[in-house]
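J.: I have a structure I would like to understand better, so I am pasting it below and will then ask my questions one at a time.
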Amino acid sequence: MLRFLTAGESHGRALVVVVEGLPAGLPITVEDVSAELARRRLGFGRGPRMRFEADQVSLLGGVRHGRTLGSPVAVEIGNSEWERKWTQEMSPAPGAPASVLTQPRPGHADLAGMQKYGFDDARDVLERASARETAARVAAGTLAKALLATLGVRIVSHVIQLGDVRASEGLRPTFEDLDQVDGSPVRCFDADAEPRMVAAVKAAAKDGDSLGGVAEIVAYGVPVGLGSHVHWDRRLDGLLAQALMSIQAVKAVEMGEGWEAAGRRGSEAHDAIKVDTSAVLSGGFGRDTARAGGIEGGISIGGLVVARVAMKPLATLNRPVLETVDVSTGESTVSFRERTDVTAVPAMGVVAETMMALVLANEALRKFGGDSMSEVTRNRDGFVAALGETHSGARPPDTGIPDAGIPDTGIPDTGPPEGRSSISGAPPGTGR
Ligand SMILES: Cc1cc2nc3c(=O)[nH]c(=O)nc-3n(C[C@H](O)[C@H](O)[C@H](O)COP(=O)(O)O)c2cc1C
């Protein structure tokens with residue numbers, strides 16, 4: 001079981017995350033975590049904080065000489081502005097802030113949080129509700145991605161809609177395209193849509209407005225059998241929906257072609273099963289489509305897992321138009337302006353990769369669990385090898401499963417990790 005807890009406020013001294021349940025022997029470095037955190041800052045339309053606030057990462061425990069020890073892994077992400085600006089306002093010592101925020105911003109946790117916790121200062125809420133918290137999640141996700149990479153599972157996200165500009169249907173990057181996606185100012189894989197998305201962000205910025213959008217998250221190399229049909233809280237689609245929906249400002253999650261499939265006839269909404277001896281991760285049964293997002297009955301069917309995540313336009317605008325009330329006087333006013341992004345959809349995609357990785361890693365450990373990475377990979381290899389034997393009809397008649405190990409899956413060597421697993425993308429692809 002993989003668990004993680006984050007703590008820390010947006011302008012506090014640091015964010016911390018503790019990840020418990022990782023097997024021993026997983027290669028991880030500060031540079032791996034920093035590289036993923038840098039990806040979270042990507043995207044045209046982010047505010048100035050993303051430029052000046054480099055993440056200061058420390059591995060506080062659970063890692064020795066570049067490998068996990070099986071003990072909880074603790075990561076700290078320091079706030080580079082702490083000493084300069086926030087030591088008084090965010091001090092944990094008894095005292096009072098110099099200024100109190102009494103005008104809760106619509107579209108944020110401010111008002112409901114003040115009422116729920118009995119605060120008269122919105123900062124007591126917004127500091128924790130802020131999406132800065134996702135940096136701690138991304139640090140945890142780096143570990144989950146490293147574990148999945150050892151098992152041959154790779155995750156990529158790309159922006160398929162920004163404002164009202166949509167990418168072409170059916171253009172889906174592979175993991176090898178990830179650097180190319182990250183190189184796009186809006187993390188879009190469709191070269192035609194990209195400049196239109198950039199223009200939409202510029203237009204919204206000029207008006208002091210904000211944009212929402214949709215990111216698609218794709219996991220490749222997922223074996224059949226993650227999640228379960230046996231109980232509601234073990235369904236993989238349910239677990240993914242909860243994890244993805246928990247991202248700040250996400251308002252809708254669909255698996256595969258969820259919304260669109262709802263309007264089709266049943267004959268055109270499912271993924272027909274066929275014998276495909278190359279589909280090793282699904283025991284020799286293949287699909288030509290991924291309409292269900294690679295999950296049936298709450299269980300991964302082997303191959304892809306696809307989710308789409310919709311983010312609302314950000315609520316803090318660079319133009320004071322949203323009405324609110326000063327809770328100390330009861331007078332109407334307009335929402336104050338914190339530093340804000342025009343859009344954070346490209347970054348949200350990276351956070352969504354993280355959440356998918358954490359869910360898949362947890363389910364992989366539930367299925368193939370072990371105390372060391374070599375034990376986990378051995379368990380996974382044994383399961384995949386046995387799949388072909390269980391359903392002999394799907395096996396090629398003239399090739400048996402070798403006695404030792406699994407047939408060539410086309411996924412990376414899964415033996416005991418000798419070196420660092422790379423979780424960054426391959427060199428940029430060419431055509432898109
Ligand atoms: C990566 C990321 C960056 C965000 N940046 C901003 C921002 O600059 N301004 C803003 O108003 N909201 C931003 N948000 C969204 C708010 O955190 C979110 O809307 C708020 O906490 C209320 O939560 P809710 O929208 O889920 O109800 C961001 C969200 C994410 C995932």
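J.: Could you tell me which of the residues Ser267, Ser210, Ser282 is crowded, with 18+ Cβ neighbours inside 10 Å, among the polar types (S, T, N, Q) and farther than 30 Å from Asn318 by Cβ?
T.: One residue alone meets the criteria, Ser282.
J.: As an exercise: evaluate Thr277 against (1) outside any strand (DSSP E or B); (2) within 16 Å of the ligand (Cβ to nearest atom) and give the number of the one condition it does not meet.
T.: (2)
J.: Could you tell me whether Ala74 is more than 14 Å from the ligand (Cβ to nearest atom), among the small types (Gly, Ala, Ser) and touching a residue at least 40 places away in the same chain (Cβ under 8 Å)?
T.: In short, yes.
J.: Got a sec? Which of Arg287, Arg366, Arg265, Arg291 is away from the ligand (no atom under 16 Å from the Cβ), within 30 Å of Met197 (Cα to Cα) and of a type in the set (Lys, Arg)?
T.: Arg291
J.: Next up: May I ask you to verify whether Thr377 is surrounded by 18 or more Cβ atoms within 10 Å (Cβ to Cβ), modelled with pLDDT of 95 or more, more than 16 Å from the ligand (Cβ to nearest atom) and more than 22 Å from Ala307 (Cβ to Cβ)?
T.: yes
J.: Quick check on Val305: is it part of a strand (DSSP E or B), more than 16 Å from the ligand (Cβ to nearest atom) and under 16 Å from Glu353 (Cα atoms)?
T.: Yes, satisfied.
J.: Could I ask something else about it? Starting from residues that are among the aliphatic types (A, V, I, L, M) and in contact with a Phe, Trp or Tyr (Cβ under 8 Å, 6 or more places away or on another chain), keep the ones in segment 1-17 and report whichever is surrounded by the most Cβ atoms within 10 Å (Cβ to Cβ).
T.: Within segment 1-17, the match that is surrounded by the most Cβ atoms within 10 Å (Cβ to Cβ) is Val17.
J.: In segment 166-196, how many residues are of a type in the set (A, V, I, L, M, F, W, C), out of contact with any strand residue (DSSP E or B) (no Cβ under 6 Å at 6 or more places or on another chain) and closer than 16 Å to Glu353 by Cα?
T.: 0
J.: Show the residue pairs meeting these rules: Cβ distance below 8 Å; 6+ apart or different chains; first residue within segment 119-147 and without any contact (Cβ under 8 Å) to a residue 12 or more places away in the chain and under 23 Å from Arg105 (Cβ atoms); second residue surrounded by fewer than 24 Cβ atoms within 10 Å (Cβ to Cβ) and not aromatic (Phe, Trp, Tyr).
T.: Partner pairs satisfying both residue conditions: Phe119/Gly113; Phe119/Val125; Asp124/Gly113; Asp124/Met114.
J.: Here is a further query. Report, by residue number, each residue of segment 332-349 that is near the ligand (Cβ under 8 Å from one of its atoms) and modelled with pLDDT of 95 or more.
T.: Ala344, Ala347, Met348
J.: So the check is Cβ under 7 Å with 6+ separation or different chains; which pairs have a first residue in segment 25-51 that's closer than 16 Å to Gly183 by Cα and outside any loop (DSSP other than H, G, I, E, B) and a second one that's modelled with pLDDT of 95 or more and of a type in the set (Ser, Thr, Tyr)?
T.: Glu36/Thr142; Arg40/Thr134
J.: Of all the residues that make up segment 123-159, how many are over 17 Å from Arg3 (Cβ atoms), in a helix (DSSP H, G or I), away from the ligand (no atom under 12 Å from the Cβ) and not small (Gly, Ala, Ser)?
T.: 3
J.: Something else now. Inside segment 225-250, can you point out the residues that are hydrophobic (A, V, I, L, M, F, W, C), away from the ligand (no atom under 16 Å from the Cβ) and within 12 Å of Glu363 (Cβ to Cβ)?
T.: Leu226, Leu236, Leu239, Leu240
J.: How do the pairs read when you match residues in segment 196-220 that are in a strand (DSSP E or B) with residues anywhere that are of a type in the set (S, T, N, Q), using Cβ under 6 Å and keeping only pairs 6 or more apart or on different chains?
T.: Gly213/Gln161; Val214/Gln161; Ala215/Ser157; Ile217/Ser157
The values are calculated or read from the model by the stated rules, or taken from the named source; none is laboratory data. All values reported here derive from a predicted model rather than from experimental measurement. Virtual Cβ from ideal backbone geometry, glycine too; neighbours counted across all protein chains shown.
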